[in-house]
Amino acid sequence: MCIPYTKANANTTNSICRVTASEIILTIKMSEQKPGHAPMRKKNKIRMIIMLAALVLAHLVFFAYPVFRICYWLQFSSLASLVIGLPLTLSQILSRWIMRVFKTKVTRTLRYLADFFMGISPMLLLSVFCAESLIFFKLVEPNHAAVCSVIFSFSIGFFGIYNASFPIVRRVHLDSSMTKTNLRFVQISDVHIGSRSRKFLVKVIQQIRLLKPEFLAITGDFIDSSGIDANELVSLKQLDCPIYLVIGNHERYEDLEQIIERLKSLGVIILRSSCSFPREDLQIIGIDDKDDPLQVEKELATLDIDQNIFSLLMYHRPMGFESAQKAGINLMISGHTHNGQIFPFNLIVRGAFRYLAGLYRGKTGNLYVSQGTGTWGPTMRIGSVSEITLFDIQKV
């Protein structure tokens, strides 16, 4: 059960409740599985084959086709085309493997270049498609079309880098009768330290300090690489307000327990199916990210939500909003979608998530989905923005 707010625990960062039931892990050894599990294993194998086939197809369409087509238009020899095209086609696979084995400035640069190519590949593919039509109707020479395609794609890519380098402050104003005084806090999400540098985090923290929030809420994917030490995160200590964080999917993919220890050493409060009462009229609930679409519903059922004060739910994915409203949550904040980050993936992500970006008003509560403060993969944004979200909750 959640520990209610009292003056005795008001000033402690330990006014956090944990739910023992939600931390029980049931482990079933493969050797003990019954024959009935065989169809499930077969289904998983089929799913893996489909995913692998889709990955290969994506590499051929987005990477191989436009590169080899441009090489052909520029009349490169077969050997030259292979030397250029093969590394670019396999750039994502090679760069990620190299970064896992050798973590140096050189390999980081190679990863950055590979991600840049991945970022411009949709635009390169689009421009090559357009060039194909122009060449077919003999409206342009192939070599001119090739050069224009490259220039167009790189120009869009450089704009995307600039756009992703300067997070905007998005202000959200809400009214509430559940607070005794006005409330101001900041949300950041999907910072992706690892993909993004220590300097980027310093810049973000400087912006947050100017906003003077009561607390900072980090809604997951703060770190996306293993081996991130406390020195890369030390700028968090420049904030003179509490910092709350929930686990995102990328923290789960890496060395989660070590990440948690590093963050705790910097004073970050990790909410894992738990809640905190920073003041008497506010309850903050945090839930771990999980692939289960019913995660919010299940975890909220194990917590006591005080219906007499303002309740803020932090969950990485914009899922479970209806369940949050039923539980009496006043405001749910999420991230994860990046608003697609790079066109045309915006359109694909829109089909995958009902709540993509921005403020959604429900019957009894609200949901805000951040576009993300950082970036994953290519350090660029095309058709989206990096944001720091400032919430002003006005007492009515």
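Just so it is clear, none of the values below were taken in a lab; they were calculated from the coordinates. This one's a predicted model, so the numbers in the text were calculated from it and none came from an experiment. Reconstructed Cβ throughout: ideal geometry from the backbone, glycine too, with neighbour counts over all protein chains shown.
Taking only the Cα atoms of the chain, the radius of gyration and Dmax are 23.7, 80 Å. Short-range pairs are left out: with C-alpha atoms under 8 Å and at least six residues apart, the relative contact order of region 41-164 is 26 percent. By the Stokes-Einstein formula, at 1.002 mPa s and 20 °C, region 41-164 with its Kirkwood radius over alpha-carbon pairs has D equal to 134 µm²/s. Computed over region 129-200, the convex hull of the alpha-carbon atoms projects to a mean area of 9.4 nm².
Per-residue packing, averaged as other Cβ atoms within 10 Å, sorts the ranges 254-266, 42-54, 293-305 into the order 293-305, 254-266, 42-54, beginning with the highest. Spherically averaged projected area of the convex hull of Cα atoms, region 168-395: 11.3 nm². Listed by chain and number, the aspartates and glutamates whose C-alpha is less than 15 Å from the C-alpha of Lys212, apart from same-chain residues fewer than 8 away, are Asp240, Asp392.
For region 321-368, the spread of Cα positions along the three principal axes, ordered from largest to smallest, is 36, 14, 14 Å. Stokes-Einstein diffusion of region 248-362 at 25 °C, 0.890 mPa s viscosity, Kirkwood radius from Cα pairs, rounded to a whole number: 160 µm²/s.
Distance cut-off 32 Å, Cα to Cα: go down the list Lys326/Lys395; Lys43/Lys264; Lys42/Lys103; Lys45/Lys326 and report the pairs above it.
Working: Lys326/Lys395 23 Å; Lys43/Lys264 40 Å; Lys42/Lys103 37 Å; Lys45/Lys326 37 Å.
In this structure, Lys43/Lys264; Lys42/Lys103; Lys45/Lys326 lie more than 32 Å apart at Cα.
Summarising the strand pairing of the chain, around 30 percent of its internal DSSP beta bridges are antiparallel. Listed by chain and number, the lysines whose C-alpha is less than 19 Å from the C-alpha of Lys290, apart from same-chain residues fewer than 8 away, are Lys298. If you run the Gaussian network model on the chain, springs between alpha carbon atoms under 10 Å, then out of Ile348, Ile270, Ile285 the most flexible one is Ile348. Hydropathy at least -0.5 by Kyte-Doolittle, axial extent at least 27 angstrom from the Cα trace: which helices of the chain, defined as entire DSSP H runs, fit? Those that pass (Cα extent of 27 Å or more, hydropathy at least -0.5) are 38-58, 105-136, 142-165. Calculated mean residue ellipticity at 222 nm for the chain: -12500 deg cm²/dmol, from DSSP H runs with n ≥ 4 weighted as -39500 (n - 2.57), summed, divided by the residue count and rounded to 500.
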